[in-house]
Every structure is written in C-alpha cells, then in structure tokens.
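*Asks:* The structure's right below; bear with me while I get my questions together.
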Amino acid sequence: MAQSADPASSAIVLVIDRLGAGWLGPYGNTWLDTPNFNRVAARSLLCETVIADTPNLPGSCRTYWTGRHALESDDKGRRALAALASAAGARTVLVSDDRQVTDHPLATGFDERHLLPDISATKCAKTIERTGLFSLFDAARKELEHQTRPFLLWVHARGMTGPWDAPLELRYQFADEEDPDPPTFTDPPNVLLPEDFDPDELLGFVHAYAGQVSLTDMCLGMLLECIDGHPLKHETLLVVTSPRGYPLGEHRRVGLANEALFSELLHVPLMIQFPNQAHALTRCGQVIQPSEVYSLVGAECGWQSHGGKHMSTLLREFQDGAAVGNVACAVGPGQRAIRTPAWFMRELETSDGPRRELFAKPDDRWEANEVASRCGDTADVLAGELDRFEDAAREGHLSESAPLAELLYEIWR
C-alpha cells in the first residue's frame with residue numbers, strides 16, 4: 001500500500017451490537033440507504049470478511065480488550081487495551097447503555113465508565129431525539145467534546161439488542177404499497193420460525209430491523225460531525241464495528257434463537273478510519289477476526305510500546321505484502337465453525353458424534369446450499385484445521401499457525 005497513515009495519538013472505537021455486515025451499503029446492501037456508514041467507508045480501510053469468534057457479548061469484550069480469541073484461555077502477559085492507553089498517558093473513557101459491558105471485569109481499566117439509564121420503550125418514539133440510540137450517541141458526543149489531550153473513547157451501543165424504538169416512519173419507508181403495514185412492537189423479536197411460517201410476519205421483522213439500522217446511521221452522522229470538528233481529529237483513529245449480527249430468517253431463526261453459527265450471526269463490519277484519511281477507499285479481502293481491533297488500535301496509537309509487541313496482521317499485510325490471516329474460527333454452545341476464503345463449515349455436537357454442514361464461499365453468501373455429503377474430503381480437512389486452530393489457541397500459539405492447505409484457500413474450484 002503506497003499511502004502511510006500519520007501517527008494517531010487518540011482512538012474512538014464505536015461498537016454497535018447486532019449490526020450485521022450485510023445490512024450496510026459498503027458491504028453490498030442496495031435497498032437500505034446508509035449514507036453515514038458509506039461516509040465512514042469512503043474514508044476508511046474496510047475489512048470485507050470479519051468473522052466473530054463468539055456470539056457471547058462478554059467474550060467479545062474480552063476479545064476486543066485483550067486481543068485474545070474466545071478459544072484462548074490465558075490472558076497473562078497481555079495488558080488490556082485501556083491499560084495500554086493509560087500507561088501511554090491517554091485518557092480512557094467507556095460509554096455504554098449495556099450493563100454487561102460497563103460491569104465487565106476488564107472495564108475497570110478505564111479511567112471513566114458511563115452507563116446510560118436503561119430505557120424501556122413500550123412504543124416507537126415520535127422523534128429520533130427520543131430514542132435510546134440517540135441518547136447513547138449524544139452522550140458519546142458530549143464525552144468527545146470534553147477530550148483535550150490524547151484519549152481512548154470506547155462507545156458500545158446495545159444497538160439491536162435494545163428497544164426497537166425508531167420512529168415508525170423509518171419502518172414504513174421500506175414497505176411497498178402491497179406490503180402489510182410494518183409492526184409496531186419495540187421488543188427485539190426472538191423466535192424460531194416454523195417451516196410453514198408466514199412470509200408477511202418475517203417481512204415485518206425485516207422492515208422493523210431496517211428502521212433501526214436507518215436510525216443508527218442517522219445517529220452516526222451526528223457523531224461524525226463532532227469528530228470532524230474536534231481539535232484532535234488529525235491525530236484520531238476511528239474504528240466502527242459490531243460484535244455479532246442479528247439473524248432475520250436466513251435459517252428460520254430470528255434474533256437470539258439457538259445462536260446458530262451462520263454468517264448472519266458471525267459476519268460483522270469493521271471499518272478503520274486512519275488520521276487524515278490515509279488508506280481511504282481501501283478494502284482488505286483477508287479473513288480476519290475481531291482480535292485485530294486490539295492490536296491495530298494499540299499499534300497505530302503507539303500504545304503497545306508500553307506493554308506489548310503484538311502487531312496487527314492487517315499492519316503486517318500492508319507493510320510486508322504478506323498473505324496473513326485467512327482463517328477464522330468461532331465457538332458457541334455445542335458447536336464450532338471455521339471460515340476460509342473458499343469454505344465455511346459449521347460442526348455441531350450430537351449424541352451420534354459431530355455433524356458437519358459445509359458451504360462454498362464466497363458464492364453461497366448466506367449458507368443456503370449444504371454440500372458436506374458431496375465434499376467429504378474438504379469437510380475432513382476443515383475439521384482438522386479446526387482442531388489445529390483450537391489446540392494452538394489453548395496453547396497460546398495462534399500467531400504461529402501453519403499456512404492453509406491450497407484446497408481451503410483456492411476459490412476457483
């Protein structure tokens with residue numbers, strides 16, 4: 001990469017829970033307008049294939065703040081990101097509307113923690129300013145305005161796990177004339193649809209979710225205006241991401257139902273806006289995981305010299321031209337999954353032993369065509385790679401993993 005980013009002394013990390021990559025314009029969505037996410041993407045390095053390592057939120061926080069994969073059991077020797085920033089003289093602030101985040105054991109490393117009051121909405125808001133998401137973004141904006149020296153501002157929004165209280169007109173904009181009226185509920189849906197489910201019911205869920213994404217985009221615009229006007233904007237790194245997606249019927253699951261490890265749950269956005277928009281309009285095609293946030297922010301802000309030498313694989317790729325990463329593994333209750341450039345496999349524990357579901361990538365984006373019975377050798381190789389990844393993680397040797405077999409890397413089958 002020809003461009004080099006100016007050094008960052010501060011970082012803003014915006015984490016929006018349950019925001020799947022497929023719902024944003026920069027990731028290919030063409031029917032839901034997200035101008036402010038598009039704006040970030042135009043200024044950023046966009047990571048195309050980021051796979052969450054766990055659907056468990058406390059586990060995701062640990063991954064972000066220590067750089068440890070969910071399968072890694074030992075945090076020794078790795079200082080938390082807030083501690084690295086503080087040791088380098090940066091002020092560290094955590095703002096969230098989720099108590100699971102502010103009460104996380106690693107959150108104690110922040111100089112300040114601000115938990116917004118829990119808002120239980122029983123009906124959709126009349127205006128954007130009365131929504132829970134607006135309150136969170138407004139609190140983040142106010143905290144940003146107070147920062148006068150190098151800082152780490154970590155903003156975690158409940159996002160789609162909080163009330164779906166966007167004004168109803170944001171739902172109606174997606175409904176065609178022949179569609180039923182969008183539903184008015186505010187509690188996030190969580191159901192396993194029957195095989196003969198009513199398509200109109202699912203369409204209502206989709207319109208309601210899209211309304212929340214539109215609301216999130218509008219709130220993001222407010223925060224971007226504040227960032228653009230901040231005195232430290234030329235020394236500030238911005239990261240926008242999500243710990244997990246929100247299934248909306250792709251495998252008859254809506255919401256949390258079973259936490260099945262499919263792409264609608266695991267494929268998350270990651271956009272990195274460097275100071276002075278270095279690396280703008282650049283895409284990273286490597287398969288990576290959220291642990292990159294820790295190493296990238298720490299390295300870009302110069303904080304890792306105060307507690308570690310773990311360099312982001314993204315930075316190694318750009319500095320050395322190396323093909324790094326390209327394998328991601330996730331773990332959930334009774335299941336595990338692996339993603340490579342050419343394949344995705346989900347393995348479930350059953351009373352009869354492991355059951356594997358295999359899907360060809362990148363063509364089968366939503367894992368609709370299961371091919372394990374026709375590609376048994378590939379499934380065996382992936383299972384072996386999963387075992388090696390898990391062993392390396394538990395022994396603390398993930399950075400020393402061997403290159404992928406060509407079968408798992410080559411997409412031109």
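The values are calculated or read from the model by the stated rules, or taken from the named source; none is laboratory data. Keep in mind that what you see is a predicted model, and the values were worked out from it rather than measured. For neighbour counting, all protein chains shown are included, and Cβ atoms are generated from backbone atoms with ideal geometry for every residue, glycine included. Quick note on the areas: whole protein, heavy atoms, side chains included, nothing else; ligands and nucleic acids left out. Shrake-Rupley method; radii C 1.70, N 1.55, O 1.52, S 1.80 Å.
*Asks:* Just the accessible area for Met345, please: 1.4 Å probe, Å², rounded to the nearest 10?
*Replies:* Here the accessible area works out near 0 Å².
*Asks:* For the pair Thr30 and Asp74, how long in nm is the line joining their label points, each one 7 Å along Cα→Cβ?
*Replies:* According to this spin-label approximation, the distance is 5.1 nm.
*Asks:* Given +1 on the Cβ of Lys and Arg, -1 on the Cβ of Asp and Glu, and no further charges, what dipole in debye does the chain carry about its Cα centre, rounded to the nearest 20?
*Replies:* 1460 debye
*Asks:* I want to check a number: in the chain, how many lysine pairs have alpha carbons closer than 29 Å, given a sequence separation of 8 or more or different chains?
*Replies:* Lysine pairs, 8 or more places apart or on different chains, close enough: 5.
*Asks:* Multiply the residue separation of Lys142 and Lys233 by 0.36 nm, subtract the distance between their alpha-carbon atoms, and state the gained length in nm to one decimal.
*Replies:* Contour length minus the Cα-Cα distance gives 31.2 nm.
*Asks:* Using a 1.4 angstrom probe and counting only protein chains, how large is the accessible area of Asp196 in Å², to 10?
*Replies:* It works out to around 130 Å².
*Asks:* Figure the gain on full extension for Val371 and Asp187 (residue separation times 0.36 nm, minus the Cα-Cα span) and round it to one decimal in nm.
*Replies:* 62.6 nm
*Asks:* As a test of reading the structure, rank Tyr409, Tyr209 by solvent-accessible area (1.4 Å probe, protein chains only), most first.
*Replies:* Highest to lowest solvent-accessible surface, that is Tyr409, Tyr209.
*Asks:* Hey, for a label at Arg130 modelled as a point 7 Å past Cα toward Cβ, could you say which residues of the range 140-165 have their backbone N under 17 Å away?
*Replies:* 163-165
*Asks:* With all protein chains present and a 1.4 Å probe, how do Ser351, Ser9 order by accessible area, largest first?
*Replies:* Greatest to least solvent exposure: Ser351, Ser9.
*Asks:* Run the helix sum for the chain: -39,500 (n - 2.57) per DSSP H stretch of 4+ residues, divided by residue count, reported at 222 nm to the nearest 500 deg cm²/dmol.
*Replies:* -9000 deg cm²/dmol
*Asks:* Could you calculate the contour length gain from Gln173 to Arg394, that is, 0.36 nm times the residue separation minus the distance between their Cα atoms, to one decimal place in nm?
*Replies:* Here the answer is 74.7 nm.
*Asks:* Suppose we keep just the DSSP beta bridges with both residues in the chain; what percent of those would be antiparallel, to 5?
*Replies:* In the chain, approximately 50 percent of DSSP beta bridges are antiparallel ones.
*Asks:* Moving on. Would you calculate the convex hull of the Cα atoms in the range 82-154 and tell me its volume per residue in Å³?
*Replies:* 73 Å³
*Asks:* Using a 1.4 angstrom probe on the protein heavy atoms only, line up Lys142, Lys123 by accessible area, largest first.
*Replies:* My answer, sorted largest first, is Lys123, Lys142.
*Asks:* Just how much of Trp65 is accessible, in Å², when a 1.4 Å probe is used and the result is rounded to the nearest 10?
*Replies:* 10 Å²
*Asks:* Grab every C-alpha pair in the range 29-159, bin the distances at 5 angstrom width from 0 up to the longest one, and report whole percents.
*Replies:* 2, 9, 15, 17, 20, 19, 12, 5, 2, 0
*Asks:* Once the dipole of the range 12-154 is set up with Lys and Arg at +1 and Asp and Glu at -1 on Cβ about the Cα centre, which of Ala139, Tyr64, Pro105 lies farthest towards its positive end?
*Replies:* Most positive-ward Cα: Ala139.
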